[in-house]
Amino acid sequence: MKQADDEAFHNLPIPDFDETGFIGRKKDVADVEKLILGNNRVVSIIGDGGIGKTALALKVAYEILDLKETNPFDIIIWVSAKTTMLTPLGVSEIENALRDFGGVIENISSTVGEREAKSLEERLKTILEYLEVFDVLLIIDNLETILDENIRSFIREASQQCKILITSRIGLGELEFRRPLHGMSEHESIQLVRSLANLKKSNVLNRLENQNLIRIINQLHYNPLALKWFVNSVETGASPSEVLNNQQNLLNFCLSNVYEKLSKNAIQIINTILASRKSLNDAELIFITNLTSLEMRRAMNELFATTFISRQIDHSSDQQEVKYIVPDFAQEYILRNHQISPEYIKSVSESLRQLNLSTANIKRVSGYNEFGVNAISITNSNEKVVGRLLNEALKYSRIKDVDNALKKVNEAKSILPNYFEVYRVGAFIKATYGDLLGAETDYKTGLSIAPDNPRLLYFYGNFLLINLNDLENAVEYAKKVYELRPESPYPTFLLTRILSTIGEYESAIRINEKLITDSNLNHQNIRIARTHQIKTYHLWGTEYIRKEGDFEKAKEKFKKGIKIFEECVQNNLHDEKLINAFVNTLKYFVQLIPKIQNEENVDFIKRKYLDYHELISQDSQNEYFKNLLKNAYGIELSPSPILKGRIEKIFFKQKFAFIRTKSKSYFAHSNDFSVPNEFDNLEIGTPMDFSVGYNSKGECAVDVSIHKEP
């Protein structure tokens, strides 16, 4: 249906840029033309009101017309749904404007020559048949004014038969290829203002220096309509400063009809970004707004179809991070027309403060012990929010509220599904409460994301050892994390524990000793390392007896474990676990080696027990050991001697006192008194009976009672 001069039939209006010529936008024209002539069925030019969408669409349409015989379209149909126009005096209604879906269909029908009165359904059917016969480019200008489900359905169906170009302040979503249009460049903006000023013969504007003109252009956000409005308004006699201070009509025209269609959640997101006074990412917005991940994504998709929000890439962290801002033009409109309450601004600031505080606490804990369950890696703003959720999950887990713990984990997972810490914490909680298969799935997912993360390897190794008793795989992961952190005590403890369990005692002892020698360990970690060594020698000696019947080698290993214990006591480096390791070694020394094979060590064993029996906290253990020595070796142990002294100092509030003998003073806690409540009756000088025991600080009084004269 091309005309004689090979130009496609069209109803394109005369462009309003003809008076100045089409300025700039070369890349925008080329991009949109390429999209239309390519494989895209629907292309939308999205931008603020007045940004030049209509002018760009017309320019592209005329460029396609100029292709002549290479133009792929027989017909180009232009339909405008513009209902208002901006003048220096305000916003004016356009007469006979299209205001609904029926008007659009009628306009298209008339354009293709169908003028007989028909129903809407008949017109629609005729149009679709027409599109099957001819190659058509349908251009719908200002679609947002009539955007409803009817027009969406029509575009969806018509796009199967023709190409469609749309200009709108709101996108269609999945139906379109969206091409955003932003403000003109500084150079293009100056050129436009100068051209208009020359046409108007404006003395005021022609006298403006470029520096002042750039300031004005910046205040008008490089918006072509705003620049035209400014020139026209100055021509009415207003000064440039008066025009700039009275932009209400401009802002309303450009943005109000879009803002009014936004959902409550979308408006909350805009207000949150503005109230924060900085760019925010998805996780921060979810945290501050309390929207669910799904609600957040729906609202963001809604905003992406407008110009009320923009993405920017933050390079401040190790990873590129997407954040969101409200562009200047939209920000000015909102602050003028939809003021954010002071209370909401304060609440956003408080939320961000709490987020930063929790992040600082998590980093402090992580710095203290990289392999602690509460240690969480945080490298960017998204992980700040997720780290807080995981920390809350662990708190719920500690009080056995599993449902809320896993709920927090799932919430964190929905925000950052590729964050390994989500799976580590989830696996730990599941394993703690018996979901072993679920825990292993989470650990494996986490390792697929961060296969060389030391903390994740450490926790999975522990899980394989303790929960699944999978020693073969446990040692593999323990070796990996040890290679990554040989100077850290916790990977060493894990590896040596597994090596001892699988019988690689010599390697376990060597690795433990290397840690103690080469690393600057605190007292707690030295005790743990020494406890592991004592247990390893105990297991080693036991294996010599059970597998080889070699009592001599067994005695050698038992004695090495006992020697380590004695060194720890001398250096005040003992605790309950180390004492228990010593007790078990001494028991097996007696139980597993017959007296006939151990005559030379009978006095050694008796002496070691007497030297340290007061450190053994449980009376039942002492009685058991006494009976063991009596039954196995015929050794009778005499009770500890009773000492006498007098109360020297009393601290009733702290529940302890000091008893003075002729030679020294002994600490006595109320828990070590034989008679309940007797501590409350003490006075300075009260005569006392007691035995010598041990606590973490050395000798102390035990079995304490007030001396009774016979």
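The values are calculated or read from the model by the stated rules, or taken from the named source; none is laboratory data. Keep in mind that what you see is a predicted model, and the values were worked out from it rather than measured. No Cβ is skipped: glycine too gets one built from the backbone with ideal geometry, and neighbour counts run over all protein chains shown. With ligands, DNA and RNA removed, areas are computed over all heavy atoms of the protein, side chains included. Shrake-Rupley method; radii C 1.70, N 1.55, O 1.52, S 1.80 Å.
Normalised by residue number, the volume inside the convex hull of the Cα atoms of segment 292-450 is 143 Å³ per residue.
With the cut-off at 28 Å, tell me which of the pairs 553/630; 26/264; 27/261; 363/480 have Cα atoms farther apart than that. In this structure, 26/264; 27/261 lie more than 28 Å apart at Cα. Remark: C-alpha extents of segment 179-225 on the principal axes read 38, 21, 14 Å, sorted largest to smallest.
Along segment 471-483 the Karplus relation, 6.51 cos²θ - 1.76 cosθ + 1.60 evaluated at θ = phi - 60°, assigns HN-Hα couplings of 5, 4, 7, 4, 5, 4, 6, 5, 5, 4, 6, 5, 5 Hz to successive residues, with x for each Gly and Pro.
Need one word for segment 464-592: rounded, prolate or oblate. Basis is the Cα gyration tensor (sqrt eigenvalues a ≥ b ≥ c); a/c below 1.5 gives rounded, then a/b vs b/c decides. Could the numbers behind the result be given before it?
Working: a/c = 1.98, a/b = 1.18, b/c = 1.68.
The shape class here is oblate.
Computed from phi, the 3J(HN,Hα) profile of segment 268-283 under the Karplus parametrisation 6.51, -1.76, 1.60 (θ = phi - 60°) reads 5, 5, 4, 4, 5, 4, 5, 5, 6, 6, 6, 6, 10, 9, 4, 5 Hz, with x in place of Gly and Pro. The DSSP beta bridges internal to the chain are antiparallel in roughly 60% of cases. Relative to the longest principal axis of the Cα atoms of the chain, the long axis of helix 224-235 makes an angle of roughly 60 degrees.
For the chain, report the accessible area per residue in Å² (1.4 Å probe, heavy atoms, rounded to an integer). Don't jump to the answer; show the numbers that get you there.
Working: 35020 Å² over 710 residues.
Normalised by residue count, the accessible surface of the chain is 49 Å².
Using a 1.4 Å probe on the protein chains only, how many percent of the accessible area of the chain belongs to carbon and sulfur?
Numbers: 16800 of 35020 Å².
Its accessible area is 48 percent carbon and sulfur atoms.
Take the alpha-carbon centre of segment 123-175, take the same for segment 410-477, and report the distance between them in whole Å. With segment 123-175 and segment 410-477 each reduced to a Cα centre, they are spaced 51 Å. Compactness of segment 314-393 was expressed as the Cα radius of gyration divided by 2.2 N^0.38 Å, which yields 1.44.
A convex hull fitted to the Cα coordinates of the chain yields 262 cubic angstrom per residue. Treating only the Cα positions of segment 469-540 as identical point scatterers, give the base-10 log of I(q)/I(0) from the Debye formula at each q in 0.13 Å⁻¹. Values, matching the q order: -0.32.
The packing ranking, built from the mean of other Cβ atoms within 10 Å per residue, places the peptides 559-569, 336-346 in the order 559-569, 336-346, highest first. All Cα-Cα separations within segment 551-604 were binned at 5 Å from zero, giving a P(r) of 4, 19, 29, 23, 14, 8, 2, 0, each value a whole percent of the pairs. Of all lysines in the structure, those lying under 19 Å Cα to Cα from residue 125, and not within fewer than 8 positions of it along the same chain, are 163. When peptides 222-228, 369-375, 455-461 are ranked by their average number of other Cβ atoms within 10 Å per residue, the highest-first order is 455-461, 222-228, 369-375. Classify segment 648-710 as rounded, prolate or oblate, taking a ≥ b ≥ c as the square roots of the eigenvalues of its Cα gyration tensor: rounded when a/c is under 1.5, otherwise prolate if a/b is larger than b/c and oblate if not. It comes out rounded by the Cα gyration axes.
Could you give the distance between the Cα centres of segment 534-601 and segment 177-195, to the whole Å? With segment 534-601 and segment 177-195 each reduced to a Cα centre, they are spaced 85 Å.
Each Lys and Arg contributes +1 and each Asp and Glu -1, all at the Cβ; summed about the Cα centre of segment 487-561, the dipole is approximately 280 debye. Near residue 693, the amide H atoms lying under 5 Å from its own belong to 700, 701, 702; only residues 5 or more places off or on other chains count, and H is placed 1.01 Å from N. Protection proxy ranking, highest mean first, for peptides 580-591, 51-62: 51-62, 580-591, where packing is the per-residue count of other beta-carbon atoms within 10 Å, averaged. On C-alpha positions alone, give me the angle between the axis of helix 120-133 and the longest principal axis of the chain, in degrees, nearest 10. Its long axis makes an angle of about 90 degrees. The helix-based estimate of mean residue ellipticity at 222 nm for the chain, built from -39,500 (n - 2.57) per DSSP H run of four or more residues and divided by its residue count, is -17000 deg cm²/dmol to the nearest 500.
List the equivalent ellipsoid semi-axes of segment 358-483 in whole Å, largest first, each obtained as the square root of 5λ for an eigenvalue λ of the Cα gyration tensor.
Values: eigenvalues 94, 57, 34 Å².
Working from the Cα gyration tensor, I get semi-axes of 22, 17, 13 Å.
Rounded to the nearest 10 degrees, the inclination of helix 576-591 to the longest alpha-carbon principal axis of the chain is 50 degrees. For residue 80, the residues whose amide H sits under 5 Å from its own are 141, ignoring neighbours fewer than 5 places away on the same chain, with H placed 1.01 Å from N. Put the Cα centre of segment 641-692 next to the Cα centre of segment 34-60 and the gap is 93 Å.
Beyond 15 Å, what share of the Cα-Cα pairs of segment 542-633 is found? Please give it as a whole percent. List each step's numbers first, then the result.
Numbers: 2446 of 4186 pairs.
The proportion of pairs with Cα distances above 15 Å equals 58 percent.
Charged side chains reduced to their Cβ positions (Lys and Arg at +1, Asp and Glu at -1) give the chain a dipole of some 2840 debye around its Cα centre.
Please label the shape of segment 508-574 as rounded, prolate or oblate, based on the square roots a ≥ b ≥ c of the eigenvalues of the alpha-carbon gyration tensor (a/c under 1.5 means rounded; beyond that, a/b larger than b/c means prolate, else oblate).
It comes out prolate by the Cα gyration axes.
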